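I have placed the structure first, in the form of structure tokens, so that the comments after it can refer back to it.
Derivation of every value follows stated rules applied to the coordinates shown; laboratory data play no part. This structure is a prediction, so every number in the text was calculated from the model and none was measured. Methodologically, a virtual Cβ is constructed for each residue, glycine included, from the backbone with ideal geometry; neighbour enumeration extends over all protein chains shown.
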Amino acid sequence: MERTLSLIKPDGVKKHVIGEVIRRFEKDGIKIVAMKMIHLTKKQAQGFYAVHKERPFFNSLTDFMTSGPIVAMILEGDGVIERNRKLMGATNFKEAEEGTIRKDFATDIEQNVVHGSDAPETAAFEINYFFNSFEIPG
Ligand code: ATP
Ligand code: MG
């Protein structure tokens, strides 16, 4: 059974689509095994997106990620990393498939509603970045 980290980004919370995003996960048979709302500091956002630190959008992205609360979830299911990425749609909402979360709710390449881990290694890192051992079910 695979696990992945999902975030509803500050724009998703502001757009009032927390329930809709969760509904899409549950409708797809994905199980939510941990969840919390947090407001990241700039340092925490920089640590999370450290792989992008050389990119031109790094400062803007980490400002955006600290602009309001986010919802962090651990999702569980067979092939959940790929299934979640499919439900999310392409990074750029203009290229996202019909019916995906980003196609339906993103308004900007940066303000794209959700984050999802992209591989087993990043999923493990990201789950442990957001959740401690008492919050991660065995
Ligand atoms: P995420 O990692 O958030 O799930 P992703 O894997 O689809 O998204 P990445 O390439 O990892 O996309 O980029 C991380 C995030 O950085 C994007 O989700 C988006 O918010 C922002 N981003 C990516 N490319 C750009 C860009 N060209 N301009 C501004 N922001 C960008
Ligand atoms: Mg990514």
At what distance in angstrom do the alpha carbon centres of the stretch 87-138 and the stretch 1-54 lie from each other? 6 Å
Which ³J(HN,Hα) values, rounded to whole Hz and listed in residue order, are derived for the stretch 8-20 from phi using the Karplus coefficients 6.51, -1.76 and 1.60 in 6.51 cos²θ - 1.76 cosθ + 1.60 with θ = phi - 60°, glycine and proline given as x? 9, 6, x, 5, x, 5, 5, 7, 6, 10, 4, x, 5
Net dipole in debye of the chain [+1 Lys, Arg Cβ; -1 Asp, Glu Cβ; about Cα centre; nearest 20]: 340 debye
Counting sequence-distant residues (5 or more places) and residues on other chains, those with an amide H built under 5 Å from that of A34 are I74
Two-decimal log10 I(q)/I(0) for the chain, as the Debye equation yields it once each C-alpha is a single scatterer, q = 0.10, 0.12 Å⁻¹: -0.29, -0.43
Output the pairs from K15/K86; K43/K94; K36/K103 with a Cα-Cα distance over 28 Å in this structure; if there are none, say none. K43/K94
Could you give the length gained by full extension between E110 and S133, i.e. 0.36 nm per residue of separation minus their alpha carbon distance, to one decimal place? 5.2 nm
FRET efficiency for V51 and E26, using Cβ-Cβ distance with R0 set to 35 Å, rounded to 0.05: 0.75
May I ask you to evaluate 6.51 cos²θ - 1.76 cosθ + 1.60, the Karplus curve with θ = phi - 60°, for each residue of the stretch 59-75 and list the ³J(HN,Hα) values in order in whole Hz, giving x for glycine and proline? 5, 5, 4, 6, 5, 4, 5, 9, 7, x, x, 10, 10, 9, 9, 9, 9
Among A90, A106, A119, determine the one that fluctuates most according to a GNM of the chain built with springs between C-alpha atoms less than 10 Å apart. A119
Under a GNM of the chain (C-alpha, springs under 10 Å), which listed residue has the highest mean-square fluctuation: N112, N84, N128? N128
Of F25, F105, F57, the most mobile residue in a GNM of the chain (C-alpha springs, cutoff 10 Å) is F57
